[in-house]
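Taking it in order: structure first as structure tokens, then the write-up.
The values are calculated or read from the model by the stated rules, or taken from the named source; none is laboratory data. Just so it is clear, the model here is predicted, and its values are computed rather than measured. Here the Cβ positions follow ideal geometry from the backbone for every residue, glycine too, while neighbour counts run over all protein chains shown.
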Amino acid sequence: MRKLLPIGLAAAVVAGVLALAPAASAEPATTAPPTQVRPHGRALVDGYGRTVLLHGVNNVDKEAPYIEPGNGLTVTAADADLLAQHGFNTVRLGVEFDGLMPQRGVVDTAYLDRIAGVVDVLGARGIHVLLDNHQDGIGKPWGGNGFPDWATTARPQSWEPNPGFPLNYLMPSMNIAWDGIWANKDGVLDHLGDALAALATRVEGKQAVLGIELMNEPWPGSPFLTCFPNGCPDFDRTYQAAMQKLTDHIRSASTTLPVYWEPNVTWNETMPSNLGNPPKTPAITDPNIALSVHDYCIPSQMSIYGGLPGGLKAACPAQHDKTWFNIDTLGARTERPVLVTEFGDIDPETLAATMSRADERFTGWQYWHYRSSFGPHGGDPFTGEVGKQLVRTYPQATAGTPGKLQFNPNNGDFRYTYTPRPSGRPTEIYVSDLHYPAGYLAEVTGGQVTSAADARTVTVEADGTGPVTVKIHRPDSDGNDLPGAAGSSSGSNGGAGPSGSSGS
């Protein structure tokens, strides 16, 4: 396990509300197994009734044999320790339909066991796992992954150029294959539903399981042009019916396991979703359905990975604003929690755009992408400028209703306000192990710090029913250099980050 940065000690207690805490020992931030996190209205709550905020990463193994321990990609116990040390409390773990059911109607129980083993490793460190049925470009015939060969009959033709992911979605054969999926040709959706039900059965009772995401980045198929420029309610009606079919299969195995629905992938080009939008599509009535969305800046991705001019990222703020408008609309309309299950960039300014908008809305996220730090590529990837954005001081569990959340990734200044309510456990705030080289101060008004002076996680108990405000900052800061404040330094500068991957 990698060691935490050394943090010096200091001593100060001011009027009973100022507590000094050095950095923690090398123990992970959380070691107790998590309780089940479930949707509750627009929030995610744990077994103690606290509002949960998730910060984490994706870990997706796209090559058979899938989720093989020690293959250099799949997270290991050492990776779980590293992630917990940095305060990450969730992993979106990719699972493949091709791995779940490599032969029509035959579930691979050994693969289920490997998935369950990774869940147990992460859960032992307090990390919640979203099981993501991951596909990119349907499957191997198109150079993609996800669907097994037997699940589709369409195949690329000799006259079709294959430009590679993601432009291969435009291939006529690819669209024919997607049309067959949405039409449940040869029972493909039922087979997928059976595979996901088997997965649900295998992980039933594992408190670390956040839920099952039904499908990553689903493509509309031949109606894709109807989604531009304002969304495609006709296709989304078909798509929602498919999502409901898959959910019904999972419900045959578990009536309460959370299920995550993702909008069709034209969302990534800022097209709004019509999921749960009566009368265009039915209302979502299952209380254990949540929503999964992505937030990518396409111009920045084209600049970094496509060799196009760097100035393209100037368009990123407009794309982020549109995407987050769509997130706000989708969440408000459906009254469901929304989790940003993919975003990512090696440009910290673009990354900060997602971070700031997520903080403003108390929205959780999972960064794309993390591969094992203890495989061939090695090393702690969270030490550069991008790591400074991702590793944050934040409230992991709030015994109350969240209010305003602010964090400055440049100097660690943090402020959080919430309205308390009765709970079985106190509010828990993870304190970044990267931002306080000389220790940190924790100030609380309306409550008391109840954790030890050297805690990596600060716990807070409210004094009454009035608002509680928590400030955490370095000893040489007054804690007021916060996003939105005059003269704030909460922007970011360039630097290398934990991934060279350009999306899922």
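Okay, here's what the table says:
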| read-out | value |
| --- | --- |
| In segment 343-354, the residues that are part of a loop (DSSP other than H, G, I, E, B) and of a type in the set (Gly, Ala, Ser) | Gly344 |
| Qualifying positions in segment 369-404 - modelled with pLDDT of 95 or more and surrounded by fewer than 21 Cβ atoms within 10 Å (Cβ to Cβ) | Thr401, Pro402, Gly403, Lys404 |
| Scan of segment 98-120 for residues that are assigned to a helix (DSSP H, G or I), in contact with an Asp or Glu (Cβ under 8 Å, 6 or more places away or on another chain) and in contact (Cβ under 8 Å) with a residue 60 or more places away in the chain, ordered by number | Leu100 |
| Filtered residues of segment 67-97 (kept if of a type outside the set (Phe, Trp, Tyr), part of a loop (DSSP other than H, G, I, E, B) and within 19 Å of Gln389 (Cα to Cα)) | His86, Gly87, Asn89 |
| Answer residue from segment 308-346, given it is charged (D, E, K, R) and out of contact with any Asp or Glu (no Cβ under 8 Å at 6 or more places or on another chain) and is nearest to Val57 (Cα to Cα) among those | Asp345 |
| Counted residues, segment 59-94 - those being over 14 Å from Asp120 (Cβ atoms), surrounded by fewer than 16 Cβ atoms within 10 Å (Cβ to Cβ) and not acidic (Asp, Glu) | 5 |
| Number of positions in segment 214-241 that are hydroxyl-bearing (Ser, Thr, Tyr) and under 17 Å from Gly276 (Cα atoms) | 2 |
| Selected residue [over 30 Å from Ala315 (Cα atoms) and among the acidic types (Asp, Glu)] from Asp413, Asp359, Asp433 | Asp433 |
| Cβ pairs under 6 Å, 6+ apart, first in segment 57-85 and closer than 22 Å to Leu434 by Cα, second of a type in the set (D, E, K, R) and crowded, with 24+ Cβ neighbours inside 10 Å | Asn58/Arg92; Ala80/Arg125; Ala84/Arg125 |
| Enumeration of residues in segment 38-74 that are more than 22 Å from Glu360 (Cα to Cα) and hydroxyl-bearing (Ser, Thr, Tyr) | Tyr48, Tyr66, Thr74 |
| Filter result for the condition that a residue is out of contact with any strand residue (DSSP E or B) (no Cβ under 9 Å at 6 or more places or on another chain), under 21 Å from His40 (Cα atoms) and of a type outside the set (Ser, Thr, Tyr), over Ala318, Ala283, Ala314, Ala352 | Ala283 |
| Cross-chain or 6+ apart pairs with Cβ under 8 Å, segment 440-458 first and over 23 Å from Gln85 (Cα atoms), then assigned to a loop (DSSP other than H, G, I, E, B) and acidic (Asp, Glu) | Gly446/Asp463; Gly447/Asp463; Gln448/Asp463 |
| Extreme residue, surrounded by the fewest Cβ atoms within 10 Å (Cβ to Cβ), among residues of segment 308-342 that are outside any helix (DSSP H, G or I) and at pLDDT 95 or above | Glu335 |
| Which listed residue, of Leu189, Leu214, Leu210, Leu196, is touching a residue at least 12 places away in the same chain (Cβ under 8 Å) and under 30 Å from Cys316 (Cα atoms) | Leu214 |
| Residues (modelled with pLDDT under 95 and either closer than 30 Å to Ile289 by Cα or basic (Lys, Arg) (or both)) located in segment 116-165 | Phe165 |
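Table: residues versus (1) in contact with a Pro (Cβ under 8 Å, 6 or more places away or on another chain); (2) β-branched (Val, Ile, Thr); (3) part of a helix (DSSP H, G or I); (4) surrounded by fewer than 21 Cβ atoms within 10 Å (Cβ to Cβ).
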site	(1), (2), (3), (4)
Gly180	no, no, yes, yes
Leu192	no, no, yes, no
Ala195	no, no, yes, no
Lys206	no, no, no, yes
Phe224	no, no, yes, yes
Pro229	no, no, no, yes
Asp234	yes, no, yes, yes
Arg237	no, no, yes, yes
Met243	no, no, yes, no
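For (1) touching a Ser or Thr at 6+ places or on another chain (Cβ under 9 Å); (2) more than 28 Å from Glu428 (Cα to Cα); (3) not aliphatic (A, V, I, L, M), each residue gets a yes or a no:
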site	(1), (2), (3)
Val57	yes, no, no
Ala64	no, yes, no
Glu68	yes, yes, yes
Gln85	no, no, yes
Phe88	no, no, yes
Arg92	yes, no, yes
Met101	no, yes, no
Tyr111	no, yes, yes
